[in-house]
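Asks: The structure is given below, and queries will be raised subsequently.
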Amino acid sequence: MNNRNLSMLVDFYEMTMGNGYLLHGQGEKTVYFDMFFRRVPDGGGYAIFAGLEQVIDYIKNLKFTDEDIEYLKSKNIFSDQFLEYLKNFRFICDIYSVPEGTPVFPGEPLITVKGPAIQAQLIETMVLLSINHQSLIATKASRIVRAADGRPVMEFGSRRAQGSDGAILGARASYIGGCCGTACTIADREFNVPALGTMAHSWIQLFPTELEAFEAYADVYPENCVFLADTYNVLKSGVPNAIKVFEKLAAKGIRPGGIRIDSGDIAYLSKKARKMLDEAGFPDCKIVVSNSMDEYIIRDLLMQGAKIDSFGVGERLVTSKSEPVFGGVYKLTAIEENGEIIPKIKLSENASKITNPGFKKPVRLFCKKTGMALADVILMHDEEIDETKPYEIFDPEFTYKRKKLEGFTAKNLQVPIFINGECVYSLPSIEEIRDYSKVQLSYIWDEVKRFENPHKYYVDLSGKLWDLKQRLLNESSM
């Protein structure tokens with residue numbers, strides 16, 4: 001995963017603009033960009049931020065080879081000055097980001113980039129590609145894991161993913177979102193996401209009988225017997241044959257692993273299978289189910305009393321089939337001239353596409369009594385919130401909805417990642433990211449996390465930022 005040079009994975013306009021910036025003396029001008037998203041997929045109330053490690057890896061290896069330069073030269077539109085600049089490229093931007101696994105909300109800056117215009121523009125595509133993809137899958141995984149209500153969820157979607165990176169990084173993001181492991185073996189090797197799995201229907205079909213197939217598997221993996229029970233008939237042959245093998249293992253002091261059901265009426269079959277296993281003396285035998293699962297199907301199965309111990313979820317997770325786009329954007333918010341930060345704003349007839357100007361930082365307010373997150377506030381970079389005084393927040397869409405907060409602590413969401421091009425951030429392990437995400441999500445109220453009509457979490461603008469935005473809007477209308 002780390003030996004590919006992805007420096008040319010850019011939108012072509014990043015090259016044409018870079019060339020133009022340089023020729024017009026704008027290439028070294030200090031600029032500020034924010035990466036943020038506008039709405040949560042699936043109508044949800046929160047998203048899980050993921051993909052930062054891949055952004056860091058990309059930037060650490062950002063260089064342009066002789067082959068890259070020759071390709072660009074062959075387009076016959078780039079100046080020798082620009083090609084020489086790329087040949088001697090050295091990244092010197094500052095980057096601030098929320099940590100991976102953080103629950104995040106629309107409109108707040110997740111990544112802020114400060115640096116020369118050419119460089120800040122060149123990394124746009126990879127920042128968006130990495131964060132949009134993995135945040136989408138981590139968010140979907142979080143929803144599915146919540147629906148499973150404490151039961152383990154395994155990611156099974158590699159064969160339906162959009163390409164190899166979709167499978168591998170999708171498995172990584174799924175783990176951050178709360179899955180217990182993946183069927184994707186290389187994700188274990190590359191990212192320490194636990195690889196899980198036993199058999200396919202082809203194993204059963206290869207042997208003369210289903211019973212012989214189970215016995216052969218138990219002979220090789222006696223401590224890890226999870227038998228696929230639906231190749232022929234779950235209740236007439238699959239479960240009875242599994243019980244016969246479990247009885248032989250029990251005679252050797254080995255308790256059963258489980259059975260997996262991959263088709264049919266899962267609720268009905270799981271209840272019947274549970275009864276058969278219990279009556280045979282195997283109440284500790286686990287029932288695993290798969291077959292086009294998502295958060296809604298899982299929730300319905302459990303509401304119907306299905307006897308399920310864990311879930312395998314494939315295509316609807318790794319592709320986020322219900323809404324396969326995470327709409328993160330990357331927008332210029334300020335430039336620097338003679339040491340002064342000059343805010344910039346993008347206007348639109350669509351109010352949701354009007355950007356928040358200036359060099360900013362997001363802060364999360366936590367209740368001192370409960371520890372729960374109360375609201376996020378986007379501040380100007382030089383602002384701080386006085387925790388000793390009440391703070392009034394309002395919904396930017398409905399300014400009359402005001403709420404006064406007291407007894408809170410304020411925590412900056414962003415941390416430094418690169419300073420002057422040098423990485424100053426220690427990458428956490430995948431387990432640390434997953435655990436951090438679980439803890440941070442526990443601070444978000446259940447009302448915000450429900451699937452339908454979630455409570456709107458407040459993301460407020462500070463008074464200073466609000467006034468700045470209104471001034472720029474007013475000036476633009478003159």
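Asks: Here is a list: S292, S352. Which entry is part of a loop (DSSP other than H, G, I, E, B) and either at pLDDT below 95 or touching a helix residue (DSSP H, G or I) at 6+ places or on another chain (Cβ under 8 Å) (or both)?
Replies: Working: S352 fails: part of a loop (DSSP other than H, G, I, E, B).
On inspection, the qualifying residue turns out to be S292.
Asks: Looking at F311, F282 in this structure, which one is assigned to a strand (DSSP E or B) and not hydroxyl-bearing (S, T, Y)?
Replies: On the way: F282 fails: assigned to a strand (DSSP E or B).
From the options F311, F282, the qualifying one is F311.
Asks: Any idea which residue in the range 432-452 is surrounded by the fewest Cβ atoms within 10 Å (Cβ to Cβ), counting only those that are in contact with a helix residue (DSSP H, G or I) (Cβ under 8 Å, 6 or more places away or on another chain) and modelled with pLDDT of 95 or more?
Replies: Step one: filter the range 432-452 for residues in contact with a helix residue (DSSP H, G or I) (Cβ under 8 Å, 6 or more places away or on another chain), giving 433-434, 437, 441, 449, 451-452.
Filter once more, keeping what is modelled with pLDDT of 95 or more: 433-434, 437, 441, 449, 451.
Details: I433: 22, R434: 21, S437: 25, L441: 21, K449: 19, F451: 15.
This residue is F451.
Asks: Determine which single condition L302 fails, assuming it passes every other condition in (1) touching a residue at least 60 places away in the same chain (Cβ under 8 Å); (2) assigned to a strand (DSSP E or B); (3) within 28 Å of the chain's Cα centre (by Cα).
Replies: (2)
Asks: Further question: Could you name every one of the strands (runs of 3 or more DSSP E) located completely within the range 402-462 that has at least 2 residues being within 19 Å of P99 (Cα to Cα) and under 20 Å from the mean Cα position of the chain (by Cα)?
Replies: Numbers: elements: 408-412, 415-419, 459-461.
Ranges flagged: 415-419.
Asks: Hey, another quick one. Please work out which one of (1) within 29 Å of the chain's Cα centre (by Cα); (2) surrounded by 12 or more Cβ atoms within 10 Å (Cβ to Cβ) is the condition I335 fails and give its number.
Replies: (1)
Asks: Going by the conditions given, is F191 within 30 Å of I433 (Cβ to Cβ), out of contact with any His (no Cβ under 7 Å at 6 or more places or on another chain) and either touching a residue at least 60 places away in the same chain (Cβ under 8 Å) or of a type in the set (F, W, Y) (or both)?
Replies: Here the answer is yes, as F191 does meet what is asked.
Asks: Given the options G25, G45, name the one that is part of a loop (DSSP other than H, G, I, E, B), assigned by TED's automatic domain parsing to the domain that holds L427 and in contact with a Lys or Arg (Cβ under 8 Å, 6 or more places away or on another chain). Write out each step before concluding.
Replies: Numbers: G25 fails: in contact with a Lys or Arg (Cβ under 8 Å, 6 or more places away or on another chain).
Only one candidate qualifies: G45.
Asks: Separate question: May I ask you to verify whether S142 is touching a residue at least 24 places away in the same chain (Cβ under 8 Å) and in contact with a Gly (Cβ under 6 Å, 6 or more places away or on another chain)? Walk me through it before giving the result.
Replies: Numbers: touching a residue at least 24 places away in the same chain (Cβ under 8 Å): yes; in contact with a Gly (Cβ under 6 Å, 6 or more places away or on another chain): yes.
So S142 fits the description; yes.
Asks: Provide a single number: the residues in the range 318-349 that are touching a helix residue (DSSP H, G or I) at 6+ places or on another chain (Cβ under 9 Å) and either assigned to a loop (DSSP other than H, G, I, E, B) or free of Cβ contacts under 8 Å to residues at least 60 places away in the same chain (or both). Steps first, answer last, please.
Replies: Going residue by residue through the range 318-349, those that are touching a helix residue (DSSP H, G or I) at 6+ places or on another chain (Cβ under 9 Å) are 318-330, 332, 335, 343-347.
Next, only the ones that are either assigned to a loop (DSSP other than H, G, I, E, B) or free of Cβ contacts under 8 Å to residues at least 60 places away in the same chain (or both) stay: 319-327, 344-347.
Here the count works out to 13.
Asks: Residues in the range 181-223 that are assigned to a helix (DSSP H, G or I), loosely packed, with under 14 Cβ neighbours inside 10 Å and among the aliphatic types (A, V, I, L, M): how many?
Replies: Here the count works out to 2.
Asks: Report whether or not I95 is in the same structural domain as K438 (by TED's automatic domain parsing), modelled with pLDDT of 95 or more, crowded, with 19+ Cβ neighbours inside 10 Å and of a type in the set (A, V, I, L, M).
Replies: On the way: in the same structural domain as K438 (by TED's automatic domain parsing): yes; modelled with pLDDT of 95 or more: yes; crowded, with 19+ Cβ neighbours inside 10 Å: yes; of a type in the set (A, V, I, L, M): yes.
Yes: the conditions hold for I95.
The values are calculated or read from the model by the stated rules, or taken from the named source; none is laboratory data. None of these values were measured; they are calculated from a predicted model. Methodologically, a virtual Cβ is constructed for each residue, glycine included, from the backbone with ideal geometry; neighbour enumeration extends over all protein chains shown.
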